[in-house]
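Enquirer: Take a look at this one; I'll ask things after.
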Amino acid sequence: MNKDQYIASQLKVFIFGNQAFQFLPQYFWHNVTYLGDALILVPLLSFICLFSVKAWAAMFGSVPFAFIISHVGKAFFAIPRPAAVLGHDQFTIIGRTLAAHTSFPSGHTITIFTAMSALIFVYLKQDKHHSNLRNSVTAMLLFIATITAISRVAVGAHWPADLLLGALLGGMAGMSGEYLSRYYSKWWSWAVTKPIYLGYFILNFCALLLYLTVSGETPALFIVWVAIIVSGTVGTYVSLKALLLK
């Protein structure tokens, strides 16, 4: 891949999109973009296990594929991020300034599309009758994934094409997670047979995110505190329920 040509071909689109998206408050984009951070997304979606442990497992089953393709892709292509080649007065940067050569593909986009597509694939397999509801749920999850991907341009972290490949790879990773959860259930059956371990697992994620937030490693944004509250509540509920049923 010719890096200069890759950047030049979408430079104007990036600058236009980055500025156009500022019609929404920066605080909105700063929160939304963290939906693509696994450390926030996993605790935030912990409530999924209350409705379908299989869907929860599918998300985790997607992690190996998503992790490998994201890190290998970034290292192999080594595309400079916008802040590495543009003057910071040429576009809007929200949050941390990212200037490494790790733009392609978008890791945040891979993460959110991995999670959302895993949920979609599991849901489509489980519910084959309520087509209107199925379509609505699918559209909602795809909207969340898309707006999170778009946020990476809005915050000045990625080129537009980074998002397209990230979405494609995330969809493939989500499909792999659904496949693993359906055909190889032994690796996640403990979450059903020993739910107290599931509760402790979720609480550990909550504690980690709380520590990172209090220590300043993760910004104390609204979406972060929501993830802490959700995972703390779900983890406590699952653990107490398991103890009371013993």
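The values are calculated or read from the model by the stated rules, or taken from the named source; none is laboratory data. Treat the numbers as computed from the prediction; the structure is a model and nothing was measured. Here Cβ is always computed from backbone atoms with ideal geometry, including for glycine, and neighbour counts include all displayed protein chains.
Enquirer: Out of the residues in the range 28-82 that are small (Gly, Ala, Ser) and more than 21 Å from residue 138 (Cβ to Cβ), which is surrounded by the fewest Cβ atoms within 10 Å (Cβ to Cβ)? Give the steps one after another, and end with the answer.
Expert: Narrowing the range 28-82 to residues small (Gly, Ala, Ser): 36, 38, 46, 52, 55, 57-58, 61-62, 66, 70, 73, 75, 78.
When the remaining residues are screened for being more than 21 Å from residue 138 (Cβ to Cβ), the result is 38, 46, 70, 73, 75, 78.
Details: 38: 19, 46: 25, 70: 23, 73: 21, 75: 10, 78: 14.
My answer is 75.
Enquirer: Now for a different question. How many residues are closer than 21 Å to residue 193 by Cβ, touching a Leu at 6+ places or on another chain (Cβ under 8 Å) and hydrophobic (A, V, I, L, M, F, W, C) if we restrict to the range 206-241?
Expert: Qualifying residue count for the region: 2.
Enquirer: Taking the criterion of being modelled with pLDDT of 95 or more, touching a Pro at 6+ places or on another chain (Cβ under 7 Å), part of a helix (DSSP H, G or I) and not aliphatic (A, V, I, L, M), would at least one residue in the range 154-171 satisfy it?
Expert: There is at least one residue in the range 154-171 that is modelled with pLDDT of 95 or more, touching a Pro at 6+ places or on another chain (Cβ under 7 Å), part of a helix (DSSP H, G or I) and not aliphatic (A, V, I, L, M).
Matching residues to (1) within 21 Å of residue 206 (Cα to Cα); (2) at pLDDT below 95; (3) touching a Phe, Trp or Tyr at 6+ places or on another chain (Cβ under 6 Å):
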| site | (1), (2), (3) |
| --- | --- |
| 12 | no, no, no |
| 15 | no, no, yes |
| 20 | no, no, no |
| 25 | no, no, no |
| 32 | yes, no, no |
| 35 | yes, no, no |
| 41 | yes, no, no |
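Enquirer: Okay, next question. Would you mind finding the one in 99, 115 that is part of a helix (DSSP H, G or I) and either closer than 28 Å to residue 234 by Cβ or not aromatic (Phe, Trp, Tyr) (or both)?
Expert: On the way: 99 fails: part of a helix (DSSP H, G or I).
Criteria check complete, one pass: 115.
Enquirer: Looking at 171, 166 in this structure, which one is surrounded by 22 or more Cβ atoms within 10 Å (Cβ to Cβ), under 25 Å from residue 123 (Cα atoms) and of a type outside the set (S, T, N, Q)?
Expert: Details: 171 fails: surrounded by 22 or more Cβ atoms within 10 Å (Cβ to Cβ).
Among 171, 166, only 166 is surrounded by 22 or more Cβ atoms within 10 Å (Cβ to Cβ), under 25 Å from residue 123 (Cα atoms) and of a type outside the set (S, T, N, Q).
Enquirer: What is the number of the single condition among (1) buried (at least 16 other Cβ atoms within 10 Å of the Cβ); (2) modelled with pLDDT of 95 or more that residue 222 does not meet?
Expert: (1)
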